[in-house]
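**Student:** One structure coming up, written as structure tokens, with questions to follow.
The values are calculated or read from the model by the stated rules, or taken from the named source; none is laboratory data. Since we're looking at a predicted model, the values are computed, not measured. Positions of Cβ are generated from backbone atoms using ideal geometry, with glycine treated the same way; all protein chains shown enter the neighbour counts. Protein only, heavy atoms only, side chains kept; ligands, DNA and RNA dropped before computing areas. Shrake-Rupley method; radii C 1.70, N 1.55, O 1.52, S 1.80 Å.
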Amino acid sequence: MKAKYSIVVPVYNEEQAIPIFYKAVTKTMKSLNEPYEVVFVNDGSRDRTVEIIKKIAEIDKSIKLVSFSRNFGQQAAIFCGLENAVGEAVICMDVDLQDPVEVVPKMIEKWKQGYDIVHGRRTVRKGENWFKKITSKIYLFFLKRITKLDIPANVGEFKLMDRKVVDTLNSMPEQDRYLRGVSAWVGYKQGFVDFERNERAAGETKYSVKKLVKLAGRSIVSMSTFPLSLAAIAGILFSLVSTVGFTTFIIMAINGHYLPLAAWLFPTITCCFAFLFSIMGFNNIYIRRIYQEVQNRPRYIVAEKVNVEN
Ligand code: UDP
Ligand code: MG
């Protein structure tokens, strides 16, 4: 029987967490009395992760596994899971039970009320130190302004998506996708379920500060072309400075003030910078267009049609 619900779980060196997760998720999903599947995506684990999942999959056919040849990262693993999931509603979650499985039925309830995306929103964030909390706040502040997208706060990868949302995401051919960004970008009817984020049930975090910084950089590049505009902004600023510089110096010279030759270097150099940054700015306009064409995102996404055939 085809699964109605799919749970997509990226796993990387999670031999300790998997048995605990499996027990919890099975109990919750069985209580719903509808066919479900759990799609584990092994992100190049080097411990007994695959072995453990295979053992479980032998006796429980609702457990599926897709295994990467090496570590490609959590985002790649999530999108691979979305491509392999068959459910009408697909739930992404971590394996460490920081995202509590008891929240899943609440998400499904919301989905049945007509929401296409239901985000898990953390009210309490246990197991995260102040550094992570503050940096994630600052990061979101800038990300929202740069991308001009309404990316919700205290929301991570834990979310339910309707089949049509998953199909839309799967149809986006770009290389570097970032779930938090694209799930805000696609629109549709978005809802929330609040939950308390637990500490990790077992094992350790797979995210070092270096990995987090890298992810932050990648997500900005994937969701925004704002950094390309910096050259044009610098071009405008240098033009203003050099115009003000030349005008003041010329007025001073007319009024008989002696200006050493070296002083004219200031407006001359800023003028050169203005020229260079403007050229760079124009180049970046074309680079942005090329990037957008290469990303090849749908120009619009239709949610509904009335009295429209075909
Ligand atoms: N993960 C992954 N590949 C990676 C890093 C993490 O598939 O390169 C998985 C990991 O197994 C877990 C989820 O992504 O299921 C979240 O990772 P983690 O709990 O370490 O992140 P944190 O909650 O500390 O931010
Ligand atoms: Mg975690």
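**Student:** Is there a residue being within 15 Å of ligand 1 (Cβ to nearest atom) and either within 16 Å of GLN190 (Cα to Cα) or modelled with pLDDT of 95 or more (or both) anywhere in region 134-153?
**Tutor:** No, because not a single residue in region 134-153 is within 15 Å of ligand 1 (Cβ to nearest atom) and either within 16 Å of GLN190 (Cα to Cα) or modelled with pLDDT of 95 or more (or both).
**Student:** Residues being part of a helix (DSSP H, G or I) and among the basic types (Lys, Arg): count how many of those fall in region 26-72.
**Tutor:** Initial filter on region 26-72 (part of a helix (DSSP H, G or I)): 26-30, 49-59.
From what's left, among the basic types (Lys, Arg): 27, 30, 54-55.
Adding up the residues that qualify gives 4.
**Student:** Sticking with this structure for a sec: Kindly indicate the residue of region 117-133 that is away from ligand 1 (no atom under 15 Å from the Cβ) and open to solvent by less than 20 Å² (accessible area, probe 1.4 Å) and also farthest from SER222 (Cα to Cα) among those meeting that condition.
**Tutor:** Checked region 117-133; the qualifying residue farthest from SER222 (Cα to Cα) is VAL118.
This table checks each residue for (1) farther than 24 Å from PHE192 by Cα; (2) within 11 Å of ligand 1 (Cβ to nearest atom); (3) in contact with a helix residue (DSSP H, G or I) (Cβ under 7 Å, 6 or more places away or on another chain).
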position: VAL11; (1), (2), (3): yes, yes, yes
position: ASN71; (1), (2), (3): yes, yes, no
position: ALA77; (1), (2), (3): no, yes, no
position: GLN98; (1), (2), (3): no, yes, no
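**Student:** Please work out which one of (1) within 16 Å of ligand 2 (Cβ to nearest atom); (2) open to solvent by less than 60 Å² (accessible area, probe 1.4 Å); (3) more than 20 Å from the chain's Cα centre (by Cα) is the condition GLY114 fails and give its number.
**Tutor:** Single failed check for GLY114: (1).
**Student:** Then there's this: How many of the residues making up region 117-141 are under 15 Å from the mean Cα position of the chain (by Cα), in contact (Cβ under 8 Å) with a residue 60 or more places away in the chain and outside any strand (DSSP E or B)?
**Tutor:** Result for region 117-141: 1.
**Student:** Filter region 1-45 down to the residues that are among the aliphatic types (A, V, I, L, M), touching a strand residue (DSSP E or B) at 6+ places or on another chain (Cβ under 7 Å) and modelled with pLDDT under 95 and list them by number.
**Tutor:** We begin by selecting, within region 1-45, every residue among the aliphatic types (A, V, I, L, M); these are 1, 3, 7-9, 11, 17-18, 20, 24-25, 29, 32, 38-39, 41.
Filter again for touching a strand residue (DSSP E or B) at 6+ places or on another chain (Cβ under 7 Å), leaving 3, 7-9, 11, 18, 25, 29, 38-39, 41.
Of everything in region 1-45, just one residue is among the aliphatic types (A, V, I, L, M), touching a strand residue (DSSP E or B) at 6+ places or on another chain (Cβ under 7 Å) and modelled with pLDDT under 95, namely ALA3.
**Student:** If you check GLY181, GLY217, GLY191, which single one turns out to be surrounded by 15 or more Cβ atoms within 10 Å (Cβ to Cβ), under 12 Å from the mean Cα position of the chain (by Cα) and not in a loop (DSSP other than H, G, I, E, B)? Working first, answer last.
**Tutor:** Working: GLY217 fails: surrounded by 15 or more Cβ atoms within 10 Å (Cβ to Cβ); GLY191 fails: under 12 Å from the mean Cα position of the chain (by Cα).
None of the others qualify; the one that does is GLY181.
**Student:** Name the single residue that is farthest from ASP94 (Cα to Cα) among those in region 220-235 being among the β-branched types (Val, Ile, Thr) and either surrounded by 14 or more Cβ atoms within 10 Å (Cβ to Cβ) or in contact with a Lys or Arg (Cβ under 9 Å, 6 or more places away or on another chain) (or both).
**Tutor:** Within region 220-235, the first condition is being among the β-branched types (Val, Ile, Thr), and the residues that meet it are 220-221, 225, 233.
Subsequent filtering for residues that are either surrounded by 14 or more Cβ atoms within 10 Å (Cβ to Cβ) or in contact with a Lys or Arg (Cβ under 9 Å, 6 or more places away or on another chain) (or both) retains 220-221, 225.
Numbers: ILE220: 23, VAL221: 24, THR225: 30 Å.
Top of the filtered list is THR225.
**Student:** Continuing with the same structure: Every residue in region 73-90 that is in a helix (DSSP H, G or I), in contact (Cβ under 8 Å) with a residue 60 or more places away in the chain and among the hydrophobic types (A, V, I, L, M, F, W, C), please.
**Tutor:** ALA77, ILE78, PHE79, LEU82
**Student:** Additional query: Show the residue pairs meeting these rules: Cβ distance below 7 Å; 6+ apart or different chains; first residue within region 1-15 and in a loop (DSSP other than H, G, I, E, B); second residue of a type in the set (Val, Ile, Thr).
**Tutor:** From residues that are in a loop (DSSP other than H, G, I, E, B), the pairs are LYS2/VAL86; ALA3/VAL86; ASN13/THR49; GLU14/THR49; GLU14/VAL95; GLU15/THR49; GLU15/ILE52.
**Student:** Taking GLU15 and the conditions (1) within 11 Å of ligand 1 (Cβ to nearest atom); (2) open to solvent by less than 50 Å² (accessible area, probe 1.4 Å), which numbered condition does it fall short on, given that it satisfies the others?
**Tutor:** (2)
**Student:** Using beta carbons and a limit of 7 Å, which pairs, at least six apart or on different chains, have the first residue in region 251-274 and within 22 Å of PHE238 (Cα to Cα) and the second one aliphatic (A, V, I, L, M) and part of a helix (DSSP H, G or I)?
**Tutor:** Listed pairs, sorted by first residue: LEU259/MET252; LEU259/ALA253; THR270/VAL241.
Let's see how each residue does on (1) open to solvent by less than 70 Å² (accessible area, probe 1.4 Å); (2) in contact with a Phe, Trp or Tyr (Cβ under 8 Å, 6 or more places away or on another chain); (3) modelled with pLDDT of 90 or more:
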{"position": "LEU240", "(1), (2), (3)": "no, no, yes"}
{"position": "MET252", "(1), (2), (3)": "yes, no, yes"}
{"position": "ILE269", "(1), (2), (3)": "no, no, yes"}
{"position": "PHE273", "(1), (2), (3)": "no, yes, yes"}
{"position": "MET280", "(1), (2), (3)": "no, no, yes"}
{"position": "TYR286", "(1), (2), (3)": "no, no, yes"}
{"position": "GLN292", "(1), (2), (3)": "no, no, yes"}
{"position": "ARG299", "(1), (2), (3)": "no, no, no"}
{"position": "VAL302", "(1), (2), (3)": "no, no, no"}
